[in-house]
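Please read the structure below before turning to the comments.
Coordinate-derived values only; no laboratory data. Since the model is a prediction, treat every value here as computed from it, not as a measurement.
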Amino acid sequence: MKSNVISAFDDDLLHSTVVDASNINVLAKDLSSIHLEGDPEIQWLLRTVGFIDLTTLAGDDTSANVHRLCAKAKRPLSTPILDKLSERYGVSPEEVRTAAVCVYPYQVKTASDYLKRINASYIPIAAVATGFPSGQYSLKSRLEEIRYAIDSGASEIDIVINHLYDEICVMRTTCGSRIHLKTILAVGELGSYANVYAASMACMLAGADFIKTSTGKESTVNATLPISVVMCRAIADFQDTYGIKNFRASFLSSTLSRPPLALRISSLHSVS
């Protein structure tokens with residue numbers, strides 16, 4: 001997957017969609033009522049495993065914790081389950097892995113060394129940089145933390161947004177074209193669906209490859225389905241404007257762009 005590029009700031013695009021809370025809540029309820037069973041359920045569960053960043057961000061993290069995390073990322077399912085998947089669907093164990101492991105910058109080298117040792121260096125390492133989880137540090141120190149994580153072996157950088165577009169542009173440039181930049185919105189602190197939409201769009205304009213709901217450490221709201229719907233709508237609108245070639249929104253492209261979800265997402269009101 002290629003990294004996103006910085007696009008010129010467009011305030012009109014940030015407010016191009018009327019975010020109607022009642023419509024969003026109805027859509028979220030509809031989505032939560034979708035029921036899968038049998039083969040479709042198994043296929044989507046397998047796909048979901050491949051979307052997961054397996055994470056350890058505890059204050060007492062140790063090398064042993066990181067080693068266990070890396071081993072789990074390589075083999076997230078038990079051997080009996082993998083054997084059944086292989087027998088019934090022809091799925092090889094190597095095909096079932098998580099999207100990445102996510103650690104603090106200090107533990108990136110530990111993860112990198114261990115993944116090489118277990119022949120799993122193909123698994124990306126994400127590092128939470130820029131003063132996670134608050135982001136309340138100087139820009140200089142946050143950029144240095146990005147560089148340190150990349151030098152240690154990180155291929156993805158999770159940032160906590162503070163000031164939006166301008167700072168994220170600098171962080172995008174610091175990451176370079178080989179590193180994926182993932183922005184954490186801390187949605188519980190944004191106050192409204194409209195702000196979630198605007199923040200999502202600003203991050204993508206600034207070159208973010210992924211947008212994420214929260215650090216998981218906020219005392220307010222973290223991830224909810226209605227908020228995810230708003231973020232997915234922002235991704236869809238960004239794609240409409242800048243094209244899938246510039247921003248490969250893997251979750252939207254593989255999931256929400258398929259019927260019937262695509263029809264439901266597009267039911268939110270747009271301003272022409």
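Could you give the length gained by full extension between residue 95 and residue 39, i.e. 0.36 nm per residue of separation minus their alpha carbon distance, to one decimal place?
Working: separation 56, 0.36 × 56 = 20.16 nm, distance 1.73 nm.
Between residue 95 and residue 39, full extension yields an extra 18.4 nm.
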Problem set entry | Links that overshoot a 27 Å alpha carbon limit, given the list 2/217; 74/140; 2/109; 109/217; 84/182; 2/29 | 2/217; 74/140; 84/182; 2/29
Seminar exercise, completed: Working note, region 183-227: Cα radius of gyration (Å, one decimal) and Dmax (Å, whole number) are 9.9, 28
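Compute the orientation-averaged projected area for region 13-158 from the convex hull of its Cα atoms and round it to one decimal in nm².
Numbers: hull surface 50.4 nm².
Over all viewing directions, region 13-158 projects a mean Cα-hull area of 12.6 nm².
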Seminar exercise, completed: the chain: relative contact order from alpha carbon pairs under 8 Å, six or more residues apart, as a whole percent, is 24
For this session: Name the long-range amide H neighbours of residue 55: under 5 Å, sequence gap of 5 or more, or other chain; modelled H, no Pro or chain starts.
Result: 102
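Based on alpha-carbon atoms only, what is the radius of gyration of the chain relative to the globular estimate 2.2 N^0.38 Å? Please report the intermediate quantities before stating the final value.
Working: Rg = 19.0 Å, N = 272, 2.2 N^0.38 = 18.5 Å.
Compared with the compact-globule rule of thumb, the chain sits at 1.02.
May I ask you to compute the full-extension gain from residue 18 to residue 75, defined as 0.36 nm times their residue separation minus their alpha-carbon distance, rounded to one decimal in nm? Could you put the intermediate results ahead of the total?
Values: separation 57, 0.36 × 57 = 20.52 nm, distance 4.32 nm.
Additional length available on full extension: 16.2 nm.
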